[in-house]
Every structure is written in C-alpha cells, then in structure tokens.
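Q: Before anything else, here's the structure in question.
The values are calculated or read from the model by the stated rules, or taken from the named source; none is laboratory data. Owing to the predicted nature of the structure, the values given are computational and were not obtained by experimental measurement. Every residue, glycine as well, gets a Cβ built from its backbone with ideal geometry; the counts of neighbours run over all protein chains shown.
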Amino acid sequence: MKIIAFPFAGGNKYSFNFLKKYIAPYNIELIVLEYPGRGVRMKESLLESIDAVLEDAFENLKKEIDADDYLIYGHSMGALIGLLVCDKLKGASFKMPKRLLTTGRPLPHRRKREKTFHLGNEAFYGKIAALGGIPEQLLQEPALMDFYAPILKADFKAVEEYTPLETLDIGIPISVLYGDEELEKLKENTLVGAQEEITQETVLKKWEAQTSKVVSIRMLKGNHFFIYDHEQYIAEHIIQGFS
C-alpha cells in the first residue's frame, strides 16, 4: 500500500514526514511527488501555471502506479493538484486511487478577491504569514526570504491565476479536512455567488460536486497549517482510507 502526496505552495518532499511514524507500522509507503524548482529538483525551472504543474505531476504519478492499492493526498495547492490528477487518471483509464484525501482546501475550486504573487517580497510575506506554517526563522532571515520567494510566488501565481473547472466526477470517495480558522479567511478573500455564504454546508456541497461517491468532511481546530497539530488524526484517516 502507498500514499502518494502533493505538497502545498512552497512545499517539498519532506513536507509530510510527520506522517511516517504513524503509517510505517501498517506497511504504508509515503511517496511525495516534488514539484520542479525545489529540493532534489532544484535545477529544474519553476512552473507558474496549474496546467503545467498538473502535467508534471501526472507524468511522475504514472511511474508510481502498480498493483498496490494507493491513496492520493494533498494539502492546499496540493489538494487541488490531487483532485485534478484524479480526474486526469480517470480520463486516461488508469488504475484509480481508493480515495482522495485533502487538507487545507475547504473549497475545491476558489477565486481569490486579492492576488499576492506580484507583490514585493516584504508585502508578499506579510500576506502569507497570516496563514501560519512559515517558520519564524525564515521571516527573520532576509537571505532565506529572498531564496524562497521565487518558489512561493511561482506556486501562488499558478493557484491565483487558475481558472476553476467548478465540477468534476473523479468517481472515488473524498475525505476533506480543514482548520476552523480557514473558513473566516475564505470569507474575507473568496469570490462566490452574490447570495452564497461560505459555511460547512458550502464546503460539503462544493466537494460533493467533484465525485459521484461519498464525501466526508471534518473541521479541526487550527489555521491553514492545522495538519501539524493533528498528525495522528490525519494518519488515521490515511489508514482507514485503505479499508
């Protein structure tokens, strides 16, 4: 069994290492597919569109599909890539994952009111620091900020300029976990229908539009990076996903 994971904006192959100690006893292999321009792929060009990231992710994902059962997991930007990859797998008649697990993306498709990727580094970091998950030492080290800014901005540009598809049918169950503080942030910076409020019911309805199978949602305490406060709970979701 294996779980194939897609990182958040600015993330890399080590972003989900916290899961390893929980899933190892169940012989579940964690495979994190790193995007170009970071980590072991540092020498490759950064990608600035979701379509480009998706194509890259799909080509690398195909190499990992074999006779073993697998799940797909993504956090934030990775949740969007995971969803789109599942749709692409289905369209190409590949073996499908048993489940899609998403965290940090209450709405599968989202249009932001305010874009940030074009801002100067100081203003850009000021905007994203509110999400949580950015180490304080990074914000205090100008050289590190300058180093990571192009990576983060490329990912943010891809997400912020993506035109959502709105509805899909990936044909597999979906589990959605998100932090309670995320809903408030979404209300502040998301374009939705004039009469539409963002509630837990909205989250469920939007994700149910992505599959003909069962969708489960759970709101946990925390900000956008609540995953680091609920490591074991997320691991348990992964384990249960194979049953």
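Q: Can you name every residue in the stretch 50-67 that is small (Gly, Ala, Ser) and over 15 Å from the mean Cα position of the chain (by Cα)?
A: First, the residues of the stretch 50-67 that are small (Gly, Ala, Ser): 52, 57, 67.
Within the stretch 50-67, ALA52, ALA67 meet the criteria.
Q: Does LYS95 fit the bill of being assigned to a helix (DSSP H, G or I) and modelled with pLDDT of 90 or more?
A: When the stated conditions are applied, LYS95 does not pass them.
Q: Would you be able to tell me the number of residues in the stretch 191-217 that are surrounded by fewer than 17 Cβ atoms within 10 Å (Cβ to Cβ), modelled with pLDDT of 90 or more and outside any helix (DSSP H, G or I)?
A: Total meeting the criteria: 5.
Q: Determine whether LEU165 is outside any strand (DSSP E or B) and surrounded by fewer than 17 Cβ atoms within 10 Å (Cβ to Cβ). Give the derivation first.
A: Values: outside any strand (DSSP E or B): yes; surrounded by fewer than 17 Cβ atoms within 10 Å (Cβ to Cβ): yes.
Answer is yes for this residue.
Matching residues to (1) within 18 Å of ALA154 (Cβ to Cβ); (2) hydrophobic (A, V, I, L, M, F, W, C); (3) crowded, with 18+ Cβ neighbours inside 10 Å:
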| site | (1), (2), (3) |
| --- | --- |
| ALA24 | no, yes, no |
| ARG38 | yes, no, yes |
| LEU46 | yes, yes, yes |
| LEU61 | no, yes, yes |
| CYS86 | no, yes, yes |
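Q: From the list PHE117, PHE147, which residue is among the aromatic types (Phe, Trp, Tyr) and not in a loop (DSSP other than H, G, I, E, B)?
A: Working: PHE117 fails: not in a loop (DSSP other than H, G, I, E, B).
Being among the aromatic types (Phe, Trp, Tyr) and not in a loop (DSSP other than H, G, I, E, B) holds for just one of PHE117, PHE147, which is PHE147.
Q: Taking the options LEU220, LEU177, name whichever one is surrounded by 19 or more Cβ atoms within 10 Å (Cβ to Cβ) and either at pLDDT 95 or above or not hydroxyl-bearing (Ser, Thr, Tyr) (or both).
A: Values: LEU220 fails: surrounded by 19 or more Cβ atoms within 10 Å (Cβ to Cβ).
When all the criteria are applied, what remains is LEU177.
Q: Considering each of ARG105, ARG38, ARG111, ARG99 in turn, give the residue that is within 12 Å of the chain's Cα centre (by Cα) and charged (D, E, K, R). Even if it seems obvious, please write down each step before you answer.
A: Working: ARG38 fails: within 12 Å of the chain's Cα centre (by Cα); ARG111 fails: within 12 Å of the chain's Cα centre (by Cα); ARG99 fails: within 12 Å of the chain's Cα centre (by Cα).
So the residue among ARG105, ARG38, ARG111, ARG99 that is within 12 Å of the chain's Cα centre (by Cα) and charged (D, E, K, R) is ARG105.
Q: Which of the residues that make up the stretch 95-108 are in contact with a helix residue (DSSP H, G or I) (Cβ under 7 Å, 6 or more places away or on another chain) and surrounded by fewer than 18 Cβ atoms within 10 Å (Cβ to Cβ)?
A: Pass one, the stretch 95-108, residues in contact with a helix residue (DSSP H, G or I) (Cβ under 7 Å, 6 or more places away or on another chain): 96-108.
MET96, LYS98 - these are the residues of the stretch 95-108 that are in contact with a helix residue (DSSP H, G or I) (Cβ under 7 Å, 6 or more places away or on another chain) and surrounded by fewer than 18 Cβ atoms within 10 Å (Cβ to Cβ).
Q: Does ARG111 satisfy being touching a strand residue (DSSP E or B) at 6+ places or on another chain (Cβ under 7 Å) and surrounded by fewer than 19 Cβ atoms within 10 Å (Cβ to Cβ)? It would help to see each step written out before you state the result.
A: Numbers: touching a strand residue (DSSP E or B) at 6+ places or on another chain (Cβ under 7 Å): yes; surrounded by fewer than 19 Cβ atoms within 10 Å (Cβ to Cβ): yes.
The answer is yes for ARG111.
Q: Is at least one residue of the stretch 43-55 assigned to a loop (DSSP other than H, G, I, E, B), in contact with a Lys or Arg (Cβ under 7 Å, 6 or more places away or on another chain), over 18 Å from TRP207 (Cβ atoms) and not small (Gly, Ala, Ser)?
A: Yes, because at least one residue in the stretch 43-55 is assigned to a loop (DSSP other than H, G, I, E, B), in contact with a Lys or Arg (Cβ under 7 Å, 6 or more places away or on another chain), over 18 Å from TRP207 (Cβ atoms) and not small (Gly, Ala, Ser).
Q: Scan the stretch 118-136 and tell me whether some residue there is crowded, with 18+ Cβ neighbours inside 10 Å, farther than 17 Å from ASP51 by Cα and in contact with a Phe, Trp or Tyr (Cβ under 6 Å, 6 or more places away or on another chain).
A: Scanning the stretch 118-136, I find at least one residue that is crowded, with 18+ Cβ neighbours inside 10 Å, farther than 17 Å from ASP51 by Cα and in contact with a Phe, Trp or Tyr (Cβ under 6 Å, 6 or more places away or on another chain), so the answer is yes.
Q: Six or more apart or on different chains, Cβ under 7 Å: which pairs go from a residue in the stretch 144-156 that's closer than 12 Å to GLY37 by Cα and small (Gly, Ala, Ser) to one that's at pLDDT 95 or above and not in a helix (DSSP H, G or I)? Could you list them?
A: Taking only residues 6 or more apart or on different chains, the pairs are ALA154/GLY37; ALA154/LEU46; ALA154/LEU47; ALA154/GLU48.
Q: Among the residues of the stretch 86-103, is any touching a residue at least 24 places away in the same chain (Cβ under 8 Å), over 19 Å from ASN12 (Cα atoms) and among the β-branched types (Val, Ile, Thr)?
A: So far as the stretch 86-103 goes, no, none of its residues is touching a residue at least 24 places away in the same chain (Cβ under 8 Å), over 19 Å from ASN12 (Cα atoms) and among the β-branched types (Val, Ile, Thr).
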